[in-house]
1. Go through segment 64-106 and give me each residue that's of a type in the set (Val, Ile, Thr) and more than 28 Å from Arg125 (Cβ to Cβ).
2. Would you mention how many residues in segment 199-229 are surrounded by 15 or more Cβ atoms within 10 Å (Cβ to Cβ), within 34 Å of the chain's Cα centre (by Cα) and part of a loop (DSSP other than H, G, I, E, B)?
3. Quick one: in segment 119-155, which of the residues that are charged (D, E, K, R) and touching a residue at least 40 places away in the same chain (Cβ under 8 Å) is farthest from Ala175 (Cα to Cα)?
4. Look through Thr162, Thr226 and report the one residue that is at pLDDT below 95, in contact with a strand residue (DSSP E or B) (Cβ under 9 Å, 6 or more places away or on another chain) and among the polar types (S, T, N, Q).
5. Filter segment 229-243 down to the residues that are hydrophobic (A, V, I, L, M, F, W, C) and either more than 15 Å from Ser99 (Cα to Cα) or at pLDDT below 60 (or both) and list them by number.
6. Looking at Arg58, Arg111, Arg130, Arg100, can you tell me which residue is surrounded by fewer than 14 Cβ atoms within 10 Å (Cβ to Cβ) and of a type in the set (Lys, Arg)?
7. Name the single residue, out of those in segment 148-167 being among the small types (Gly, Ala, Ser) and either within 12 Å of Gly120 (Cα to Cα) or within 12 Å of the chain's Cα centre (by Cα) (or both), that is surrounded by the fewest Cβ atoms within 10 Å (Cβ to Cβ).
8. Could you list, ordered by first residue, the pairs with Cβ atoms under 8 Å in which the first is in segment 178-190 and in the same structural domain as Glu214 (by TED's automatic domain parsing) and the second is part of a helix (DSSP H, G or I), at least 6 apart or interchain?
Amino acid sequence: MSVLGSPSWLFLVLAVPVLGALFAWGNRRHRAAVDALVGTKLAPRMAPRPPLWARTTRVALVLAFVATSAVALARPRWGRELKELTTRGVDIMALVDVSRSMDVKDVAPSRLALAKAVLGALASRGTTDRLGLIAFAGSQHLMCPLTLDRSAYGMFLDLLDTGLVPLPGTDIAGAIRKGVGLLAGAPGKPVLLLISDGESLQGDPLAAAREAAEKGILIEAIGVGTPAGQPVPLLDTKSEVTGYQKDLEGRS
């Protein structure tokens with residue numbers, strides 16, 4: 001292995017001040033020897049010396065040569081180099097319920113806001129996990145495919161809103177199956193992170209969960225809301241409450 005191109009050559013730069021000190025010491029010794037031989041008064045005529053600027057320039061050039069040679073031997077390089085890195089992480093696809101009931105404020109500031117805060121905290125924990133995002137209500141919408149880009153993920157997370165999926169309802173089974181399809185073939189043990197506030201109104205979530213398990217996909221579920229609950233608010237375009245959703249019997 002060649003010793004050239006090693007940063008250890010830069011230690012030669014430390015020799016520059018030492019050489020400078022040796023030059024100064026040698027110069028004083030030479031002058032003292034001449035003065036002792038011919039005397040101080042006769043020294044300028046018997047042993048004339050080059051002007052100070054010439055002597056200083058010569059020493060400076062020698063020291064510069066040593067310093068630049070050390071840098072050249074170290075072979076510093078700059079620019080960009082592409083390298084393939086291998087990282088270990090988990091593929092996590094978040095399934096977020098955006099049905100109207102997620103606007104309920106029985107947990108502060110609201111069920112959906114709390115779900116977004118949980119996912120934001122998850123994204124800040126590490127950079128080696130790939131994260132994805134699916135919004136669902138009566139149907140499903142892929143917001144963000146699996147990515148390591150936390151800024152892109154955060155942007156789509158901010159866009160989550162209860163008006164995002166126009167078809168009402170809560171189809172957990174459909175969300176699971178869409179997530180399974182997107183995680184198919186993912187390495188390791190991928191995870192579906194389900195965040196919802198209530199029961200599924202259509203499909204068979206247990207059957208969908210079994211299908212996920214058969215393909216090696218783990219499902220983690222987080223429930224938001226309180227057992228007592230609150231009426232589902234109806235919001236206008238400014239997110240102001242204009243009333244509350246009623247059931248078939250007219251109750252909120």
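The values are calculated or read from the model by the stated rules, or taken from the named source; none is laboratory data. Being a predicted model, the structure only gives us computed values, none of them experimental. Because the Cβ atoms are built from the backbone with ideal geometry, glycine has one as well, and the counts that use them run over all protein chains shown.
1. Here is the first cut: in segment 64-106, the ones of a type in the set (Val, Ile, Thr) are 66, 68, 71, 86-87, 90, 92, 96, 98, 104.
Once the filter is applied, which keeps residues that are of a type in the set (Val, Ile, Thr) and more than 28 Å from Arg125 (Cβ to Cβ), segment 64-106 yields Val66, Thr68, Val71.
2. Number satisfying all stated conditions: 3.
3. Kept after step one, since they are charged (D, E, K, R), are these residues of segment 119-155: 125, 129-130, 149-150.
Right, trim to touching a residue at least 40 places away in the same chain (Cβ under 8 Å) and you get 129-130.
Details: Asp129: 21, Arg130: 19 Å.
Checked segment 119-155; the qualifying residue farthest from Ala175 (Cα to Cα) is Asp129.
4. On the way: Thr226 fails: in contact with a strand residue (DSSP E or B) (Cβ under 9 Å, 6 or more places away or on another chain).
Testing whether each residue is at pLDDT below 95, in contact with a strand residue (DSSP E or B) (Cβ under 9 Å, 6 or more places away or on another chain) and among the polar types (S, T, N, Q) leaves just Thr162.
5. To start, the set of residues in segment 229-243 that are hydrophobic (A, V, I, L, M, F, W, C) comprises 232, 234-235, 241.
Of everything in segment 229-243, just one residue is hydrophobic (A, V, I, L, M, F, W, C) and either more than 15 Å from Ser99 (Cα to Cα) or at pLDDT below 60 (or both), namely Val241.
6. On the way: Arg111 fails: surrounded by fewer than 14 Cβ atoms within 10 Å (Cβ to Cβ); Arg130 fails: surrounded by fewer than 14 Cβ atoms within 10 Å (Cβ to Cβ); Arg100 fails: surrounded by fewer than 14 Cβ atoms within 10 Å (Cβ to Cβ).
Selected residue: Arg58, the only one of Arg58, Arg111, Arg130, Arg100 that is surrounded by fewer than 14 Cβ atoms within 10 Å (Cβ to Cβ) and of a type in the set (Lys, Arg).
7. Ranking the candidates gives Ser151 first.
8. Close Cβ pairs (under 8 Å, with a partner that is part of a helix (DSSP H, G or I)) amount to Gly179/Ala212; Val180/Ala208; Val180/Glu211; Val180/Ala212; Pro190/Leu183.
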